[in-house]
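The values are calculated or read from the model by the stated rules, or taken from the named source; none is laboratory data. Every value quoted in this text rests on a predicted model; they were computed, and no experiment measured them. Don't worry about glycine lacking a Cβ; one is built from the backbone with ideal geometry, like all the others, and counts go over all protein chains shown.
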Amino acid sequence: MTVIKLDDLVGVWRLHEVTAAAPDGTVARPYGPDPRGLLFYTAGGFVSATIEPVEGRAMVAYAGRVRIIGTQVLHDVEAGTPGYPTGSTQTRDARFEENGHLVLAAEHAHTPGTIVTLTWHRAS
């Protein structure tokens, strides 16, 4: 896998897709077929993420510092909505697809074995 660098992340990203893959192979789209969200990375090492709520899902919003360890991106939360408390770290496996999309994935915090994948494309 390719190591992720901060320079690769810097800028504004729009949410393209959110999937949740359960251990039994079922895949859900918890934020629907057209999710709305923005992800900001700064050259100074800050991150801000917002995902618009949909029926049955709360708004996701947090901001803080970003760290990178190999292919993992860690968001150290300094302010966030419930579920993303100050002082927590959101760890994501990261990769870039050939089309330039940024893919961030992690195991769901409350559903062991379920992998939540967020796909982002650069905002234009």
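Per-structure values
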{"item": "Residue among Asp24, Asp7 that is among the charged types (D, E, K, R), at pLDDT 95 or above and farther than 24 Å from His110 by Cα", "result": "Asp7"}
{"item": "Residues located in the range 57-108, provided they are out of contact with any helix residue (DSSP H, G or I) (no Cβ under 8 Å at 6 or more places or on another chain), of a type in the set (Val, Ile, Thr) and touching a residue at least 40 places away in the same chain (Cβ under 8 Å)", "result": "Thr71"}
{"item": "Flag if Glu52 is surrounded by 14 or more Cβ atoms within 10 Å (Cβ to Cβ) and charged (D, E, K, R)", "result": "yes"}
{"item": "Checking Arg29 against (1) surrounded by 15 or more Cβ atoms within 10 Å (Cβ to Cβ); (2) modelled with pLDDT of 95 or more, the condition it does not meet", "result": "(1)"}
{"item": "Enumeration of residues in the range 45-85 that are in a loop (DSSP other than H, G, I, E, B) and closer than 18 Å to Gly11 by Cβ", "result": "Gly45"}
{"item": "Every residue from the range 64-83 that is closer than 21 Å to His16 by Cβ and crowded, with 18+ Cβ neighbours inside 10 Å", "result": "Val66, Val73, His75"}
